[in-house]
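The values are calculated or read from the model by the stated rules, or taken from the named source; none is laboratory data. Given the structure is predicted, the values throughout are model-derived calculations rather than measurements. Ideal geometry is used to build each Cβ from the backbone, glycine not excepted, and the neighbour counts take in all protein chains shown.
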Amino acid sequence: MARRTGTSALFGGRGAWLLAALLALLAAPCPALAQGTVSVLPVQGLRFGMLSTGMPTVISPLDAGRRATVELVGSGHVTLLFELPRGLRAGADGPLLPLRFGATDGRVTFPGSGTVLVFDPAAPVSFTLPPGGATIWLGGSAEPASAQPPGAYDAAITVHVVVANPAT
Amino acid sequence: MARSTVRTLFSARTLLAALALLAGVAAPAHAVSVSPTALYIDSRTRTGVLTLYNPGTLPEEITVDFAYGYPQSDSAGNVSVATTREPAAGEPSAMAWMRAFPRRLLLQPGQRQVVRVLVEPPAELADGEYWARVLISSRGGQPPIEQTQGDVRLQLNVQTTLVMAANYRKGDLRTGVDVTAASARRNADGVQLQVDLSRNGNAAFLGRMRAELLDARENVVATLYDDVAVYRTMRRRLTFAVPAAATGAMTVRIHIDTEREDLPPGGALPAAPIDQRIPVQ
């Protein structure tokens, strides 16, 4: 059975207020930035938790506890490109544990307006960063095979944030 | 089988460690600071200078590269800068003539580094402005966010690329802009101004537009500013929030000039200002 740990335990109990205060501090707006400059704040990576053979684990981009989250603050025209791995790999030439990213697994949310942009993380997505900034959410699924060999699996997702000043 | 280990995070020590880790990795990755905001290189010096600065607390790996592109707008007035490394024949591209020294560098926290951009244009180049974009990519300013659960480790890395104008100018340059169409319409959001601009001359028009919403008594009830870069054509849409007290016939007054304090000296070429009035429909 797939079991998960980490986030919920961390948020519960006496530490919750401290964590909330810390997150509020970290999320505080940055000083005004020059046109065409963006600060990137990676908040959280994808959290698949326990993976069991033959049992896919799907993370929705709407799952606040497990989706990947990146915040952007600043101004300019932004293009996002995701380098998505085919899967988690156990060693350089080891077995692959497939990862899948669907056409609606990407979201750009604009807190200032409440607008949400759905995108396919396999393709670039562009938008103009509004004064309230934007938050990027990424979901995905891990699909261990029924005969997935044991091992230490790892992978990396790279988010390319391309910021252009459209007024020069 | 991929396994994961259940970890207990209730203890105070672990909680503090987790918070410290969170604080460490969640600091904003400020893109490397670059000045000036754009390069306008003339044919006498054929050299531009960028100053890079790492405001972060970790070293940044920097790569400097070039592409071709310029601001373009869609039918809704959204502006973007699409770049390509294979510009079409006939495009006024300076991309292939530009070299950066150094092209790769490691910028330590708090360190500044000068990058020189040298231009080697072909002989017999006609007077005019030739366009490129300098791409400054940085990574490593912070460790990746790493989620490790049991034997599964997934990293989230961020690479930031700043795209800036790097234009080469030769000889006699002229620029200006024409308003080819303009409209102002009242809608549910307020008053939407749409202005279509077309450049004239042989160089990009870099300027700003001030748009004022006037009430029936010619009082200014709202003002908007917009920096514009018109390389060929450009559509801009701005929406005024209309004060509740504003009633009666309204007019939008626009003023376009080349006062651009954000650009380096000489960046915006001089051009005659434009004034126009557009009745709100």
>> of a type outside the set (A, V, I, L, M, F, W, C), surrounded by fewer than 20 Cβ atoms within 10 Å (Cβ to Cβ), part of a loop (DSSP other than H, G, I, E, B) and more than 14 Å from chain A (Cβ to nearest Cβ): is that true of B:Asp172 in this structure?
In response: yes
>> Among the listed residues B:Arg253, B:Arg185, identify the single one that is basic (Lys, Arg), out of contact with any Leu (no Cβ under 7 Å at 6 or more places or on another chain) and surrounded by fewer than 18 Cβ atoms within 10 Å (Cβ to Cβ).
In response: B:Arg185
> Do we find that B:Val134 is in a strand (DSSP E or B) and either within 14 Å of another protein chain (Cβ to nearest Cβ) or among the basic types (Lys, Arg) (or both) in this structure?
Replying inline: yes
> Restricting attention to the stretch A:32-46, does a residue exist that is assigned to a loop (DSSP other than H, G, I, E, B) and either at pLDDT 85 or above or basic (Lys, Arg) (or both)?
Replying inline: yes
> Between a first residue in the stretch B:116-136 that is closer than 15 Å to B:Ala38 by Cβ and surrounded by 21 or more Cβ atoms within 10 Å (Cβ to Cβ) and a second residue that is at pLDDT below 95 and not aliphatic (A, V, I, L, M), which pairs have beta carbons less than 7 Å apart while being 6 or more apart in sequence or on different chains?
Replying inline: B:Arg133/B:Thr83; B:Leu135/B:Thr161; B:Ile136/B:Thr161
> Right, B:Arg217: at pLDDT 95 or above and either more than 15 Å from B:Val79 (Cα to Cα) or surrounded by 14 or more Cβ atoms within 10 Å (Cβ to Cβ) (or both) or not?
Replying inline: no
>> Of the residues A:Gly74, A:Gly114, A:Gly91, A:Gly133, only one is small (Gly, Ala, Ser), free of Cβ contacts under 8 Å to residues at least 12 places away in the same chain and at positive phi; which?
In response: A:Gly114
>> With the requirement that a residue be in contact with a strand residue (DSSP E or B) (Cβ under 8 Å, 6 or more places away or on another chain) and buried (at least 22 other Cβ atoms within 10 Å of the Cβ), what does the stretch B:143-160 give you?
In response: B:Ile145, B:Val152, B:Leu154, B:Leu156, B:Val158, B:Thr160
> Which members of the stretch A:100-124 meet the condition of being part of a loop (DSSP other than H, G, I, E, B) and not acidic (Asp, Glu)?
Replying inline: A:Phe101, A:Gly102, A:Ala103, A:Thr104, A:Pro111, A:Gly112, A:Ser113, A:Gly114, A:Pro121, A:Ala122, A:Ala123, A:Pro124
